[in-house]
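Report on the following structure.
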Amino acid sequence: MSSNLHPVNTILIEHLAKRFGSAGQDTGHVLRDINLRISGGEFFVLLGPSGCGKSTLLNVIAGFLDKTAGSLLLNNEPICKPGRDRAMVFQHPDASLFPWLNIRENIEFGLRMKKVTPGERQEISDKFIKLVGLAGHANKFPRELSGGMKQRVQLARVLANDPAILLMDEPFGALDAMTRRSMQQELVRIWTQAKKTVVFVTHDIQEAILLGQRIGVMSKAPDATIYKLYEVKLPYPRDITTKEFNDLYKKIEANFLQEEADIVYKEKLIG
Amino acid sequence: MKHLQHLLKAGIVSWLIALGVWQIAALMFGKPDFLPGPLDVFQGSRELIADGSWLKFVLISLRRVLAGWLLGSLWGVPIGLLIGHVKIFRQLVEPYLNFFRFIPSIAFITLFVLWFGIGEESKLILIMYGTSFIVILNTAAGVLALDEEKVRAARSLGASETQIFFHVIIPATIPYIYTGVRLAMGNSFMAIVGAEMIAANEGIGYLIWTSRLYFKTDWVFIGLISLGLMGFLTDRVIRFISAQAFRRYGITTETRFGGK
Ligand SMILES: Nc1ncnc2c1ncn2[C@@H]1O[C@H](COP(=O)(O)OP(=O)(O)O)[C@@H](O)[C@H]1O
Ligand SMILES: [Mg+2]
């Protein structure tokens, strides 16, 4: 898979910190001292418990939130606002899809904003409707689709706009186990075809190992940071029943438990 | 059994019961000047319909309501969008809204007659006041209820701020605007009846007011029934047209009690 990597579209994060509220208030940092380099074409997974600051970091990379300190570069250019080059697949499709547009119109949204001609739009949307397995549903509206299908629409909507980087915020978290498994497999297939950089957020260790070339493990907010990086050398598509998979799972889980224990220990010392 | 279900659903059963109870109550009182029954009212209506005054009054009231409602909606929607979308404007206007929302349009009748005369203008402006108010509030609430994620999605798909306004904010607000204009129609009827009772020589409100003076209680009932029917029919028309034109925005004819 290393043939997927390009020097272009590299995200470089150095000493990044994020605090909510204005400078005057001392609300504490959610993120502190994040350092990360994500190469072009890489599938990177951000793993951490709920509320640890994963979405916050992803939203800073997307340009939806301003960082408080540090540097954030894409192709050596600072990121300061949202752009076509970074697309987000949101956790809740009902909040992010446009319910007044049918599936095809949702997928063509970015192209329409760019004033691509209707003929060309149709050609592109056809391609991505097929790629994500929504053929035959183009004229339906989001409310007529299941949760898994809505996430396919989100995926097609961003892919049709041809971004360099895909940001995905727990996109399969609300799906049932069976649907989630097939969506994970398809995402890997699409990623190998589309050759995009993916930053994928999850709190599920198994999902992280199933998908990522590298896994960054985040500690809890406040002052969350990426304190450990794992490289996953297993070939795609990955098999959760192999010994290697299981060994890595145990290693990461032990890591989490250790981190929990450390926090409890620290709290005891303070309190 | 299935037959009964159909009649119930169409509201026929409810109305038959109402008519029955009303007729019995009228017979028990035995004073048509005080409480005329459905048959008395039917008799009275033939007179009123025959000389053409009923249709004239209905059309006059309806024209006032529709004109005021249309104009009020036309300028209420853009103002509501502006209030919802532009924070400074919202902060500037919110104190007024929170003050005037407690003053019903009927309370302005005397003032508007003084300012705009006894003619059509004062009535039109009165209905516009009531309509635009409720449309502004609902539209602004719709903009504020918009999921931030939709705007973020549009932005990272390359939409400019102007494109976001026209392609995300307005379409997402349409169901709220729809609720606003439907509620406003109800308020318009309230306002016009008040205005016609106090300052008019024509219209259904005028009919109700003067009939009482002449002890034509059956005509008062005709006025009330006419209002109910006019409101019911205009609401049906709005619902039907909206469901055709705005189906993709989630608007259907299946709505109850004027809610969403
Ligand atoms: N807009 C905000 N204002 C203040 N605090 C926030 C805001 N968004 C998130 N937080 C806080 O930041 C922390 C991390 O949140 P989030 O990034 O959503 O976590 P995750 O996605 O890992 O579950 C949480 O403690 C949350 O309360
Ligand atoms: Mg989150």
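The values are calculated or read from the model by the stated rules, or taken from the named source; none is laboratory data. Here the structure is a predicted model, which means the values were calculated and not measured. Please note: Cβ atoms are built from the backbone with ideal geometry, for glycine as well, and neighbour counts cover all protein chains shown. Just the protein is used for accessible areas: all its heavy atoms, side chains included, with ligands, DNA and RNA removed. Shrake-Rupley method; radii C 1.70, N 1.55, O 1.52, S 1.80 Å.
Of (1) in contact with a helix residue (DSSP H, G or I) (Cβ under 7 Å, 6 or more places away or on another chain); (2) at pLDDT 95 or above; (3) away from chain B (no Cβ under 12 Å), A:G119 satisfies all except one. Which?
Only one criterion is unmet by A:G119, namely (1).
Can you tell me which residue among A:L101, A:L36 is in a strand (DSSP E or B) and at pLDDT 90 or above?
Exactly one of A:L101, A:L36 is in a strand (DSSP E or B) and at pLDDT 90 or above, namely A:L36.
Give me the residue from the stretch A:14-33 that is in a strand (DSSP E or B), away from ligand 2 (no atom under 16 Å from the Cβ) and touching a residue at least 60 places away in the same chain (Cβ under 8 Å) and, out of that set, farthest from the other protein chains (Cβ to nearest Cβ).
Taking the candidates together, the pick is A:D33.
For the stretch B:140-159, give me each residue that is within 10 Å of chain A (Cβ to nearest Cβ) and part of a helix (DSSP H, G or I).
Across the stretch B:140-159, the qualifying residues are B:E148, B:E149, B:K150, B:V151, B:R152, B:A153, B:A154, B:R155, B:S156.
Considering only residues of the stretch A:43-63 that are within 19 Å of A:N9 (Cβ to Cβ) and not in a helix (DSSP H, G or I), which is nearest to the other protein chains (Cβ to nearest Cβ)?
So the residue we want is A:G63.
Tally up the residues in the stretch A:67-87 that are in a loop (DSSP other than H, G, I, E, B), open to solvent by 20 Å² or more (accessible area, probe 1.4 Å) and without any contact (Cβ under 8 Å) to a residue 60 or more places away in the chain, please. Walk me through how you get there before you give the answer.
Going residue by residue through the stretch A:67-87, those that are in a loop (DSSP other than H, G, I, E, B) are A:67-68, A:75-76, A:79-85.
This time we only want the ones that are open to solvent by 20 Å² or more (accessible area, probe 1.4 Å), so: A:67-68, A:75-76, A:80-82, A:84-85.
So of that shortlist, the ones also without any contact (Cβ under 8 Å) to a residue 60 or more places away in the chain come out as A:67-68, A:80-82.
Looking only at that region, the number is 5.
Among the residues of the stretch A:36-56, which ones are closer than 17 Å to A:V217 by Cβ and more than 12 Å from ligand 1 (Cβ to nearest atom)?
Answer for the stretch A:36-56, where residues must be closer than 17 Å to A:V217 by Cβ and more than 12 Å from ligand 1 (Cβ to nearest atom): A:L36, A:R37, A:I38, A:E42, A:F43, A:F44, A:V45.
Give the residue, chosen from A:F172, A:F109, A:F141, A:F90, that is surrounded by fewer than 20 Cβ atoms within 10 Å (Cβ to Cβ) and of a type in the set (F, W, Y).
A:F141
Is it the case, given these coordinates, that B:R64 is in contact (Cβ under 8 Å) with a residue 24 or more places away in the chain, charged (D, E, K, R), in contact with a Gly (Cβ under 9 Å, 6 or more places away or on another chain) and within 27 Å of B:R182 (Cβ to Cβ)?
So B:R64 passes the test.
Pick out the one residue from A:I215, A:I226 that is farther than 27 Å from A:K115 by Cβ, more than 16 Å from ligand 2 (Cβ to nearest atom) and surrounded by 19 or more Cβ atoms within 10 Å (Cβ to Cβ).
The unique qualifying residue is A:I215.
Against the conditions (1) at negative phi; (2) more than 14 Å from every other protein chain (Cβ to nearest Cβ), where does B:T162 fall short? Just the number, please.
Just one mismatch for B:T162, condition (2).
Results for (1) of a type outside the set (S, T, Y); (2) within 12 Å of chain B (Cβ to nearest Cβ); (3) surrounded by fewer than 21 Cβ atoms within 10 Å (Cβ to Cβ), shown as yes or no for each residue.
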{"residue": "A:L159", "(1), (2), (3)": "yes, yes, no"}
{"residue": "A:I165", "(1), (2), (3)": "yes, yes, no"}
{"residue": "A:M178", "(1), (2), (3)": "yes, no, yes"}
{"residue": "A:L187", "(1), (2), (3)": "yes, no, no"}
{"residue": "A:T197", "(1), (2), (3)": "no, no, no"}
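Just the residues that are touching a Phe, Trp or Tyr at 6+ places or on another chain (Cβ under 9 Å) and within 16 Å of ligand 2 (Cβ to nearest atom), please, taken from the stretch A:49-85.
A:P49, A:T56, A:L58, A:L65
Would you confirm, using the coordinates I've provided, whether B:G223 is crowded, with 17+ Cβ neighbours inside 10 Å and closer than 30 Å to B:F42 by Cβ?
For B:G223, the condition - crowded, with 17+ Cβ neighbours inside 10 Å and closer than 30 Å to B:F42 by Cβ - is met.
If a residue counts only when it is closer than 21 Å to B:T217 by Cα and open to solvent by 40 Å² or more (accessible area, probe 1.4 Å), which helices (runs of 4 or more DSSP H) contained entirely in the stretch B:1-94 have at least 1 such residues?
Hits in the stretch B:1-94: B:12-29, B:38-50, B:53-85.
Residues are listed down the side, and each one gets a yes or a no for (1) closer than 22 Å to A:A160 by Cβ; (2) free of Cβ contacts under 8 Å to residues at least 60 places away in the same chain; (3) of a type in the set (A, V, I, L, M); (4) within 16 Å of ligand 1 (Cβ to nearest atom):
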{"position": "A:L58", "(1), (2), (3), (4)": "yes, no, yes, yes"}
{"position": "A:L65", "(1), (2), (3), (4)": "no, yes, yes, yes"}
{"position": "A:Q91", "(1), (2), (3), (4)": "yes, no, no, yes"}
{"position": "A:A95", "(1), (2), (3), (4)": "yes, yes, yes, yes"}
{"position": "A:L101", "(1), (2), (3), (4)": "yes, yes, yes, no"}
{"position": "A:R104", "(1), (2), (3), (4)": "yes, yes, no, no"}
{"position": "A:R112", "(1), (2), (3), (4)": "yes, yes, no, no"}
{"position": "A:G119", "(1), (2), (3), (4)": "yes, yes, no, no"}
{"position": "A:Q122", "(1), (2), (3), (4)": "yes, yes, no, no"}
